[in-house]
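Read the structure below first, then the notes.
Read the figures in this text as sums done on the coordinates, not as results from a lab. None of these values were measured; they are calculated from a predicted model. Here the Cβ positions follow ideal geometry from the backbone for every residue, glycine too, while neighbour counts run over all protein chains shown.
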Amino acid sequence: MKKIKLFLFSIFGSIFILSSIVSNAVEIEYWQYTYKARVEAVDKLIANFEKANPGITIKHTNFPYADYRKKVAIAISSGDGPDLVQLYYGWLNDYRDSGLIQPLPKDAFSHSKIESDFFKMVSSMKVDGEYWGLPTAVRSLALFYNNDLLKEAGLSGPPETLDDLVDYAKKLTKRDASGNMIQEGLAFDGGIGQTHHFWREVLVRHYGGQPYSDDGQKITYNNDAGVKALTYLTDFEKTHKTTSNGFMNRGQDGFAAGKVGLYIDGSFRISKFVKAEGLNFSISELPGHNGTRYNFSSFWANALSSKAKGEKKEAAAKFLAYLTSDEAMQIWLDTVGELPAKPSVALVDANKQHELYGPFIRGLDYATATTFISEKPQRQSVVDAYDMVVLQGMSPKDALAKVAKKEQELLDDFFGN
Amino acid sequence: MIKNFWENLTINQKLAITAWVFLAIPIIFYVTIRFYPTYEAFYVSFMKWNLLGAKKYIGFKNYIRIYNDEDFWIVLWNTIKYAIIGVPVSLLISFTVAYYLNEIKFGHQTIRAFYFIPFLTTAIAMAWVWRWFYQPMPIGYFNIMLSWVGIPQQPFLKSIEQGLYAIMAPAVWAGLGFQIVIFIAGIRAIPKSHFEAAEIDGAGRIQILKEIILPALKPTTIFLVVISTIGFLRIFDQVYSMSEDSAGGPLNATKPLVLMIYEYAFDMYKLGRASALTVILFLLLFTVSILQLWFMRKQK
Amino acid sequence: MVHAETEMTDNNQIIEKLEELNPKKIIIWTIVFLGSIVMVTPIIFMVSMSFKTGQEVYLFSLFPEKATIKNYIFVLTESKFIYWGLNSLWVATFSTLSVLFFDSLVGYTLAKYSFRGREIIFVAILSTLMIPTEMLIIPWYMMSREFGWIDTYWGIAFPGLMTGFGTFLMRQFFMSLPDELIEAARIDGWSEFAIWWKIAMPLVVPALSALAIFHFLGNWTAFLWPLIIINDPDMYTIPVGLASFNGEYEMNWEIVMTASCLATIPTLFVFIILQKYIIKGIMLAGLKG
């Protein structure tokens, strides 16, 4: 009898112990958008992390890029969705304002350490004295140029200044007998793609301005600097005729097809051009002006969703710490080709002198990231200004005044002024 | 008891009860799946709501801001343009094709299938092909063809003036197959006896068209007019896939109301404003449809 | 083809008799035929692009220089395309059957019964066409979460089980049926349900076929709602799967075209099967009104 009792006791006991171990295993969900290399990289990182933290399992889900935002918003707002979520840094304020994400716990992510370890543009993740997310990798802009076309036009080496850029673009443009463009000197996509960033963070700064006030509440591009920058940008299409919005669909397609001489884009474009057969291209840092250089940086950050609470939040924070570790950054660079978010990992010589990544990594040193309230409508204001000048023949000054008024309303709305 | 009750009813009462029995399940469905969410949208239009936080009542503020937004008026006018041009053009083409296609025997099935195929394919792939047609030289087919006859290049989608029509064309194109099939089904549904009678009377072709086919097609035509108008006023897919950056540009020249609703709801999370726009779109559609139904019923 | 020709309705032959010797016919045929060629041109380009390599797709020639079936192999092996196809097929079929039954029942009731409130019900059902889906998905999602419908076929299908579109279409077709037919059946002692199911329904087979095609297609290409309700990639429908081929800054157009070509094959079959019934028309031979 006693034996049976003991036997039963030990069975129940072990079940109890087992079940308590099982219930200790926390499962958290991680969401990002679908892109083969990114999915592979995250799977790799999860495998490493789970091995080191046996109590935590991570469910990785991804969704088509174009609809990722909708999906995240609807899921989290209904109490579903991820504990840890990837978001484009420009969406931070949207997400924060809608309560989709929560601040990072200060004990695990000390502000002073973030500020000393990461590139300075990561500070755009700091709002209201809290950090709301951290990136594994960052991006910057550089100039892609077609070696064969440059050689054919008698040019050697990339353009070094903004004036060079105009000069090169003119020499690289070709037209047929009836005046139709058959080769584009410099491709801009009328404000979309990276062009609006180039205008805001590079051109406006070169002409002595800055796009927004330091607190991000006021538009400061509606002045002489902004007008000069917009004039410079639109002159390629209007005056120099080296650019035609829509030529070969988009700049990237024209460049891949070998019909575009110069093209500005991010490091994520490298893989497309490497795959393009018969394309002989190089990359250089963006041209400077009056001896200075500027660049634009952007990134995808990992943030804790407002759904993560208690032990899930702890587990998510732990995984986030791993995602932003040096090891993870190197894995990300090797798998995805995006630049490490810490100077200590990025600015090693092997990376700085890398034939393809080098110019981007060197650009990180002098790059800024715009603090967006809502990326899409703010992008639209540059696109609209461009179209007003090029399609409607408005003066850059009037165009800028018009879009600035509308964008300021958006900011006022957000900041409750 | 129940049997007694049933037997005491008049025939008309019995029929009315039968009708409600037939409608019972559908009514439950519509109330829960359709009317309730619609009511939600109406309700939220008086709120400030960013999807997650609490809804805050702000009265007519959403409507007032829409009224004062000059972009709204551009967008509303675009939406109306899509409908008042798109509907007559597409119905005229589809009726003409259906009428003549109905008479064609040689290769009838194949030709009809050709007209219908655009309706069978995914909108996004087709939008891309059309975008390519509209490209400038050296790759855009329309511009290449224009250059053959010496007409200068046209900007099409890149133009404030032409953009809307350039997007309307594939919308008309994609819907033709649908309209043609409905018209043919309608023509085929006309009882043979009508034609026989006409034949005996020695009616001519135009007479048959005017006195038999068109009157008999009235329910079909009402259906197509109302459905196509709703379709064009709710145009979205083509604009979303064809305009640069899905923004309805250049400078809002191609943006319809539904795209604006979409942007407020999912790009900016301003659900209140999006709901108010939905209410406006609803009222527009409702008024237009009721007027059409009423007008076409009167016109016997 | 010959077989199908004999199935064409008699009214055609009558029209034909009226103008047997009309020389315009050839011209009309030519114009209608050329129109149909214009209609399929974009489709031909879609097919051609699906055989191009990633780079050649940007050079817009009709015939690929180096035709390749690489894209097809990629779509069929690298993705869960077959799964997505089966999901789409199941949802679209189920939902189409539901719509055929309920929409025609409601359409018939609204067309052939007179009772107080009929117009209001009709207008109310019609008004469901006037709210963009974009504004309905949030309440639907909340509802699905409540009932545990997320990641289920039922969850994808439920909003489309009855439609204002189909109800309206069927109502219009039932309205053109002669009332005498129904009266006669009533006098013969048929039940109301049997009158609808056994007498009225067979007479609107063309409209039913048309509705089946449209609804099936609508479901087949539906994107927004399946995207929101499905988290599990195994449960994706074709359009949602298609969207996952595109990245943040790039579209793999040759893949989109290939997948679109593959996705069109089943819908083409459905159309070919059902279009016969549209041709048949209504055989009202015995009924002289």
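Every helix of 4 or more DSSP H residues in chain B counts as -39500 (n - 2.57), and over all residues that averages to -21500 deg cm²/dmol at 222 nm. Taking the empirical scaling 2.2 N^0.38 Å for compact globular proteins as reference, chain B has a Cα radius of gyration ratio of 1.27. If you average the C-alpha positions of the stretch B:77-139 and of the stretch A:185-239 separately, how far apart do those two centres end up, in angstrom? Comparing the Cα centres of the stretch B:77-139 and the stretch A:185-239, I get a distance of 42 Å. Quick one: in the stretch A:207-249, what % of C-alpha pairs are over 17 Å apart? When every Cα pair of the stretch A:207-249 is considered, 47 percent fall beyond 17 Å.
Both the radius of gyration and Dmax for the stretch B:111-185 are 14.4, 43 Å, in that order, over alpha-carbon atoms.
Here the ratio of the Cα radius of gyration of the stretch C:151-251 to 2.2 N^0.38 Å is 1.57.
Its residues counted as N, the stretch A:139-298 yields a C-alpha radius of gyration over 2.2 N^0.38 Å of 1.02.
Shape class for the stretch A:288-417: oblate, because the ratio a/c of the largest to smallest gyration tensor axis (alpha-carbon atoms, square roots of eigenvalues) is 1.5 or more and b/c is at least a/b. Its relative contact order, with pairs defined as Cα atoms under 8 Å and 6+ residues apart, puts chain C at 30 percent. Among the residues of B:258-270, the average count of other protein chain beta-carbon atoms within 10 Å of the residue beta-carbon is 5. If you wrap the stretch A:256-360's Cα atoms in a convex hull and average its projection over all directions, what's the area in nm²? With the hull built on Cα positions only, its mean projection is 9.5 nm².
Stokes-Einstein diffusion of the stretch C:80-244 at 10 °C, 1.306 mPa s viscosity, Kirkwood radius from Cα pairs, rounded to a whole number: 92 µm²/s. With the convex hull drawn over the C-alpha atoms of the stretch B:83-219, the volume per residue is 159 Å³. A simple count of charges around residue C:128, restricted to other residues whose Cβ falls under 15 Å of its Cβ and scoring Lys, Arg +1 and Asp, Glu -1, yields 0. Each residue of the protein assembly as shown gets 223 Å³ once the volume of the Cα convex hull is shared out per residue. Here the Debye sum runs over all C-alpha atoms of the stretch A:292-331 as equal scatterers in vacuum, and log10 of I(q)/I(0) at q = 0.16, 0.26 Å⁻¹ comes out as -0.55, -0.91. Per-residue ellipticity at 222 nm from helix content only, as computed over chain A with -39500 (n - 2.57) for each DSSP H run of at least four residues, stands at -13000 deg cm²/dmol. For the charge dipole of the protein assembly as shown, defined by +1 on Lys and Arg C-beta atoms and -1 on Asp and Glu C-beta atoms about the Cα centroid, which residue among A:323, C:115, B:230 has the Cα displaced farthest towards the positive pole? Farthest towards the positive end: C:115.
Sequence-distant contacts, meaning Cα pairs under 8 Å at least 6 residues apart, place the relative contact order of chain A at 25 percent. Within the P(r) computed for the stretch B:148-273, what percentage of the Cα pairs occupies the region above 22 Å? Summing the P(r) of the stretch B:148-273 above 22 Å gives 57 percent of all pairs.
Computed from the alpha carbon positions, the gyration tensor of the stretch B:1-44 leads to an equivalent ellipsoid with semi-axes of 34, 9, 8 Å, biggest first. Ranked for footprinting exposure by Cβ neighbours inside 10 Å, fewest first, A:376, B:210 give B:210, A:376.
Neighbouring Cβ atoms from other chains, within 10 Å of the Cβ of residues in C:137-145, number 6 on average. Per residue, the convex hull around the alpha carbon atoms of chain A comes to 166 Å³. For the stretch B:208-247 versus the stretch C:154-222, the spacing of their alpha-carbon centroids is 21 Å.
Indicate the gyration tensor shape class of chain C (rounded, prolate or oblate), computed on the Cα atoms with a ≥ b ≥ c the square roots of the eigenvalues: a/c under 1.5 is rounded; otherwise a/b larger than b/c is prolate and the rest oblate. Cα axes put chain C in the oblate bin.
Using the Cβ-Cβ distance between residue A:25 and residue B:28 with R0 = 60 Å, the FRET efficiency computed as 1/(1 + (r/R0)^6) comes to roughly 0.90. Averaged over the residues of B:95-106, the number of partner chain Cβ atoms lying within 10 Å of the residue Cβ comes to 5. Candidate cross-link partners of residue C:70 among the lysines, defined by an alpha-carbon separation under 24 Å and a same-chain spacing of 8 or more, comprise A:36, A:272, A:275, C:52, C:80.
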